[in-house]
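This report refers to the structure that appears directly beneath it.
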Amino acid sequence: METEIKTKILLGITGGIAAYKSCDLVRELKKSGFEVQIIMTESARRFVSSLTFEVLSGNPVCLNLWEEGVTKNSPVSHIQQARNADLILIAPASANFLAKIANGIADDLLSTVCLARNVELIVAPSMNIHMWENAATKRNIKTLQEDEVTIFLPTYGDQACGEIGLGRMMEPKDIVDTIIKHRKADKLILDNHNVLITAGPTYEPIDPVRGLMNSSTGTLGFKIAECARSFGANVDLVAGPVAHECSKKINRINVRSAREMHTETLKICKAKNISIFFCVAAIADWKPKIFSVEKLKKGVSNLNNIEWVENTDTLAAVAALPSSSKPYTVGFSAETDNPSNCLVEINKKRINKNADVIVANKVPDSFGNKEIEVFFVYSSGKHLIFKGSKDHVSKQILIEAVEQLNLET
């Protein structure tokens, strides 16, 4: 896999047993066409020598702020180092280093370069499970995400201390593949492609003053719509009753009930050649069989006696369209249990609806929250997890859909 443009990556290596994996990481980066410049912390050199990385990268390794090679060409070399890179990657990123950059500490070359950066910063944490789960580390990760630092979350497995759990650095090839995907996203073009998105809740009236509705804010759906529009797509957004505004370049259709959302969605699918359909809306599964034209009086009419009927499944209806008009379908599933605990059930839902992929998230945690964790369940059996701000996750959802569809990017 070759990158189209020679991207300069500044690779920071911090102290930890995973530093040995950075040797393979450098090889993978070079093999994929990246130019690699390396900065090592003092602790990192206790695990792997700087000479090893100099040979692998083909470039001198920078070690501290005051060495002759660093200061020779510029008295503010930390600025120069940051400006010469297209991307800064810290792998492995120790708990101590995460704490430094989360709090703006710049007491060595690598942390100073990170503070002086004007390019994307990616960190791949590596540490013991208990260090990863410590409240201080969680706070630091949250701060970094708010500062728009990209986190390549650690994986589950055996650890050097003999324990098993989350904390292992993402594998080098996975890091490189994800970086390439990120770089492609910057050039993602959806010109002349039609994207349809449903967002928000629906409202099912019981009587003139009461109705059935959920807590969905529609934020994720709106962000996917804005992201698709920024990549050049023609976007139709069928939105339930929410307060969000959107770009005037997005064709927004406001609806109230599940029936209205279903009708408008199918109308658009039949009228246009939709490439991707994101069924993000939290559409009500049920509605009253009969709408009461008068308010149901307390003590007179028992709400328990209301007869309920199922709403038509919009995702399944779109997925059942003839192949000539069927888009790539991305369904969303709200789960009260952690989605990782019910992947089999989520996949059954995907099969029943004939969706290409289901994106599951835990509720009510995600309602109104700035951050979200989503689980992708594909027809191939592949599972992916993305966690971060809704801006970040919406972009990843779009990238995944485009890649699976094999659109020209």
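A few remarks follow.
- Of the residues T198, T52, T265, the one that moves most in a GNM of the chain with alpha-carbon contacts below 10 Å is T52.
- Potential extension, L405-I105 segment - 0.36 nm per residue separation minus Cα distance: 103.7 nm
- Inter-site label distance for K326 and N59 at 7 Å from Cα along Cβ, in nm: 4.8
- For R27 and K181, the difference between the fully extended length at 0.36 nm per residue and the C-alpha to C-alpha distance is 53.6 nm.
- Residues C23, C62, sorted so that the one with the fewest Cβ neighbours within 10 Å comes first: C23, C62
- When each of D285, D147 is scored by the number of other beta-carbon atoms lying within 10 Å, the sequence from fewest to most is D147, D285.
- Only Lys, Arg (+1) and Asp, Glu (-1) charged, at Cβ; the range 8-186 dipole about Cα centre in debye: 180
- Mean Cβ count within 10 Å, highest first, over the residues of peptides 53-60, 86-93, 9-16: 9-16, 86-93, 53-60
- Candidate lysines for bridging to K173, where Cα separation is under 24 Å - those fewer than 8 sequence places away on the same chain excluded: K6, K8, K21, K30, K31, K181, K184, K187, K382, K387, K395
- Principal-axis tilt of helix 135-146 within the chain, Cα atoms, nearest 10 degrees: 80
- Other-chain or far-sequence residues with amide H under 5 Å of N311's (modelled H): W286, K287
- Compared with the alpha-carbon gap, the fully stretched path from V293 to K173 is longer by 37.0 nm at 0.36 nm per residue.
- Exposure proxy ranking, count of Cβ atoms within 10 Å, fewest first, for L153, L63: L153, L63
- Members of K248/K270; K223/K248; K267/K287; K326/K353 lying beyond 18 Å, as alpha-carbon distances in this model show: K248/K270; K267/K287
- Ranked packing of 116-124, 309-317, most packed first, by mean Cβ within 10 Å: 116-124, 309-317
- Packing here is the average count of other Cβ atoms within 10 Å per residue, and on that basis the peptides 319-327, 31-39, 233-241, highest first, run 233-241, 31-39, 319-327.
- Of L212, L296, L196, the residue with the greatest mean-square motion in the GNM of the chain, using alpha carbon springs below 10 Å, is L296.
- Helix-only [θ]222 nm of the chain, DSSP H runs n ≥ 4, -39500 (n - 2.57) each, per residue, nearest 500: -9500 deg cm²/dmol
- Residue-count net charge about R117 - beta-carbon cut-off 12 Å; Lys, Arg +1, Asp, Glu -1: -3
- Tensor-based shape of the range 8-186 (alpha-carbon gyration tensor, a/c under 1.5 rounded, otherwise prolate or oblate): rounded
Taken together, the values in this text are just the output of simple stated rules run on the coordinates, not laboratory data. Small disclaimer: the values here were computed from a predicted structure and weren't measured. Positions of Cβ are backbone-derived with ideal geometry, glycine not excepted, and every protein chain shown enters the neighbour counts.
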